[in-house]
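The block underneath contains the structure these notes are about, expressed in structure tokens.
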Amino acid sequence: MKSSGVLVLGIETSCDETAVGIVRGRKLLANVISSSVDEHARFGGVVPEIASRAHLEAMPNVIAKALSDAKVSLKDIDAFAVTAGPGLIGALLVGTSSAAGLALALDKPLYGVNHLSAHIAVDSLNSIHKLDPAIALLVSGGHSSILQVNDLTSDVKTLGSTIDDAAGEAFDKIARILELGFPGGPAIDREAKSGNPDAIEFPRGLTLARDLVDHKYDFSFSGLKTAVSRYLAKTPNHLRADVAASFQEAVVDVLLMKAIGAAKDSGIETLIIAGGVAANSRLRDLASERTTKAGLQLRIPPMDLCTDNGAMVAAIGSLAVAKGLKPSQIGFAADSSSGISKPIF
Ligand code: KG4
Ligand code: ZN
């Protein structure tokens, strides 16, 4: 199998998206997603048991549609990749079992991959640029970190992370308080478009001089959440769009302040922004403005590849094959709390 043209099928089931992507080398051929989000909406968050069952039901059709979109058949696939963690354990197990079954039946290598590394790997698709070294701002529903990516499949250093809520979690919580529904990120993004981001001065967590001593690249969003709740309680006639826009501005401002600071301090000139929150329109705009000013190269995946998808899993599988990394043992254990220091299982 030629590494430049290796055909990899990636399966993602860590949360509520059943997703399958197919790549040939770094070229994206198919990206099919079936989401159970509507089944969770009335609970205000993802219900693990519902997610697992939905993955089981959706898997065969999602795989079939991805193969058909890519115009390949299952026997053409050279290697399989699957999210092994972090994520909801029952949901992960549906993906890892499906992938193990396929790999065994077709006698092809299987790579259990880290979901966070996969979010960053999606940057490698449809382009020939060198992905690392880079500073990565990884912002999703469960994680917010600044990473020094020396080599995505073997050497990633965590420079900082959130000490309480993840950025996406903050969006989801504030959207609930503002009665904007679930998931909250896209809803706040939309609502904020008609609001004034400077209307309310919300706090920027861990940015005071004394915080920077121990938490230079760390985030905290719980104080912001309290500030928004207090503001709403004492301002009955608030404009919801202004609250959404000002909240969003506070999150985006601090994410970029710290990520760009890390890039400047490390001397690494590329900033990759990845994870679901990277789909945020204000984050994308402000990132472009500030990295241009700072003389940094900015890379953000297209919006549909920021939130969970199978293409990102296939992408890191393909990078692993290209680097000649050993496949995972077929019986590897999924790990719900796996850190980015273990990119391949
Ligand atoms: O990466 P992802 O799809 O799943 C996890 O790995 O967690 O990220 C989901 C998170 C959710 O918290 C969602 O509200 C947030 O990403 N998100 C956004 C936007 N789209 C999704 N946050 C802000 N603005 C958006 N446009
Ligand atoms: Zn994710």
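Values as computed for the structure displayed
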{"quantity": "Cβ-derived FRET efficiency at R0 56 Å, Asn237 paired with Lys342, nearest 0.05", "calculated": "0.65"}
{"quantity": "For Leu152, net neighbour charge (Lys/Arg +1, Asp/Glu -1) across residues whose Cβ lies under 15 Å away", "calculated": "+2"}
{"quantity": "Residue with peak Gaussian network fluctuation, the chain [Cα springs, cutoff 10 Å], from Asp123, Asp165, Asp214", "calculated": "Asp214"}
{"quantity": "Spread of Cα-to-Cα distances over 5 Å intervals beginning at zero, given as percent, for segment 134-301", "calculated": "2, 9, 19, 22, 20, 14, 8, 4, 1, 0, 0"}
{"quantity": "Compactness of the chain as Cα Rg over 2.2 N^0.38 Å, two decimals", "calculated": "0.98"}
{"quantity": "Principal axis dimensions, segment 4-137 - Cα atoms, whole angstrom, descending", "calculated": "44, 39, 23"}
{"quantity": "Segment 1-90: trypsin sites (Lys or Arg not before Pro) falling in loop per DSSP and having at most 13 other Cβ within 10 Å", "calculated": "Lys2, Arg42, Lys71"}
{"quantity": "Label-to-label distance, nm, for residues given as Asp107 and Ile50 (7 Å Cα→Cβ offset)", "calculated": "4.4 nm"}
{"quantity": "Full-extension gain in nm, Ala209 to Asp155, via 0.36 nm per residue minus C-alpha separation", "calculated": "16.4 nm"}
{"quantity": "Ile163-Ala64 FRET efficiency (beta carbon distance; Förster radius 45 Å; 0.05 resolution)", "calculated": "0.55"}
{"quantity": "Segment 134-301 - percent relative contact order, Cα under 8 Å, separation 6 or more", "calculated": "28 percent"}
{"quantity": "Contour excess over end-to-end distance, with Cα ends at Lys293 and Val37 and 0.36 nm allotted per residue", "calculated": "88.3 nm"}
{"quantity": "Å² of accessible area per residue within the chain, as computed with a 1.4 Å probe and no ligands counted", "calculated": "42 Å²"}
{"quantity": "Residue of Ala66, Ala105, Ala333 that the Gaussian network model of the chain assigns the largest fluctuation, springs spanning Cα pairs under 10 Å", "calculated": "Ala105"}
{"quantity": "Subset of Lys216/Lys323; Lys173/Lys193; Lys27/Lys71; Lys130/Lys258; Lys130/Lys323; Lys27/Lys65 violating a 22 Å alpha-carbon distance limit", "calculated": "Lys216/Lys323; Lys130/Lys258"}
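The values are calculated or read from the model by the stated rules, or taken from the named source; none is laboratory data. Quick caveat: nothing in here was measured; it's all calculated off a predicted structure. Glycine also receives a Cβ, built like all others from the backbone with ideal geometry; neighbour counts cover every protein chain displayed. Side chains included, ligands, DNA and RNA excluded: accessible areas come from the protein's heavy atoms. Shrake-Rupley method; radii C 1.70, N 1.55, O 1.52, S 1.80 Å.
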